[in-house]
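Right, one structure below, let's go through it.
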Amino acid sequence: MAKRIYKVNLFLNCRIKLKLLVFAIFISPLYIVAQEHKAEDEKSKAFRLMFYNVENYFDPFDDTLSNDNEFLPEGIRNWNYSRFLKKRNNIYKTIMAVGGWEPPAIIGLCEIENRFVLNQLVYQTPFAKFDYRIIHEESPDRRGIDVALLFNPKTIQVIDHKAISIDFPFAPETKTRDILYVKGLVYNKDTLHIFVNHWPSRYGGELSSKARRVFVAQQLANHIDALLEKNNEAAIVVMGDFNDYSYNQSIKEELKAGKELNSSRLLNLMPEKNYSMGTYKFDGEWGILDQIMVSPVLLLRYKSIFVLKEAQIFDADFLLQEDAKYLGDMPHRTFLGMKYIGGFSDHLPVFVDFRIK
């Protein structure tokens, strides 16, 4: 009887071993492929870039070198320290929401007054735990507002930066924001050239202000061409509030930013015009003034760094409020005219995801 039990157990053990062997033969190649894909994913890294016009991020202190009078405690907007702190915290909340688990690795900002307000945002909020860096240059804008770049040094190591000043030959008394140029090495693998913009506004009318935006576009195009002349596969990102739309002369003709891979200096990553959503709402109509553009090489996935998908407008509910006059939604802004409502900004942020191998 014992011998019979032993033979049965031996038979069962042989069958189990055979099944395991067959299973291994068929599954091993799949497992190896899966591990190879996993290894490739671990070698490549994704990072997010965003741009945000934060709408008049002023401190409550007088700057004698600029016209910031309306953003003082005694000014017409009754700007004070508590309102400043709320504005600071709202910007932090928005940046975190765009990033998800952590802030985007690269953050372009415009309508910030000075280094103090940036220090407050980066070092005096929970943002501080992420150890971000600031790049900022004072511009000659009469109101004292500038552009800036925040970045995660674990993602991008900044090699160089400069302010590109704008001097209008036809209006030398007119001052505007500099273009901020930043050159960095992403994950110690590939160089990225970044231009942060805030072009002249449409104050006084689109046509009367058009020449200033066209001129800025020409200056930016010259700097981009200089990079492409040295390296026709340079990875370039242009972001900002352009105060023009993708179909306007400044962007379409001077900057040559479009959707055609072979005939555009830059590819505009923003979605096509959508009347139900944009980054800014004026007289009841949405428009996309805030845009992200890249050199065409960044859409080629065989390169070390590339765009994952089209740029997106971040339209979370907390950034919107009811548009009582024109119906629908509108950005939940800090001021509605001269009335303080304590919102976030009159613009919505935009962002895009990249991957580097």
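Here, each number is a calculation from the coordinates, and none is a lab measurement. Note that the structure is predicted; figures quoted are calculated from it, not measured. Don't worry about glycine lacking a Cβ; one is built from the backbone with ideal geometry, like all the others, and counts go over all protein chains shown.
Assorted remarks:
- Once you reduce the stretch 51-123 and the stretch 230-295 to the center of their Cα atoms, the two points are 25 Å from each other.
- Taking the chain as a Gaussian network of alpha-carbon nodes connected by springs under 10 Å, the highest mean-square fluctuation of the residues Ala311, Ala128, Ala221 belongs to Ala128.
- Sequentially through the stretch 208-223, phi angles give Karplus couplings (6.51, -1.76, 1.60; θ = phi - 60°) of 5, 9, 4, 4, 5, 5, 4, 5, 4, 4, 5, 5, 5, 4, 4, 5 Hz, Gly and Pro residues having no value and appearing as x.
- Prolate/oblate/rounded label for the stretch 197-278 (Cα gyration tensor, a/c 1.5): oblate
- Residue among Phe335, Ala105, Leu85 farthest towards the positive dipole end of the chain, charges placed on Cβ: Ala105
- Amide H contacts of Gln321: Met330, His332, each under 5 Å away and 5 or more positions distant or on a separate chain (H built 1.01 Å from N in the peptide plane; Pro and chain starts excluded).
- Remark: Ser208, Ser250 ranked as Ser208, Ser250, counting other beta-carbon atoms within 10 Å and listing the fewest first.
- Residue order, fewest to most surrounding Cβ atoms within 10 angstrom, among Thr174, Thr94: Thr174, Thr94
- Table column - 3J(HN,Hα) (Hz), the stretch 332-346, Karplus curve with 6.51, -1.76, 1.60, x for Gly and Pro: 7, 8, 6, 10, 10, x, 9, 8, 7, 10, x, x, 9, 6, 7
- Near Leu336, the amide H atoms lying under 5 Å from its own belong to Ile341; only residues 5 or more places off or on other chains count, and H is placed 1.01 Å from N.
- The ranking of Tyr245, Tyr326 from fewest to most other beta carbons within 10 Å of each one's beta carbon is Tyr326, Tyr245.
- Per-residue HN-Hα couplings for the stretch 174-190 [Karplus 6.51, -1.76, 1.60; θ = phi - 60°; Hz; x = Gly/Pro]: 7, 10, 9, 6, 5, 8, 9, 9, 9, 10, x, 9, 8, 6, 6, 10, 9
- Rel. contact order, % - alpha carbon contacts under 8 angstrom, at least six apart, the chain: 16
- Just so you know, the Rg over Rh for the stretch 178-244 is 1.07, from Cα atoms, with Rh as the Kirkwood radius.
- Taking amide hydrogens as placed 1.01 Å from N in the peptide plane, the amide H of Gly240 sits under 5 Å from those of Asn197, Gln291, each at least 5 positions away in sequence or on another chain.
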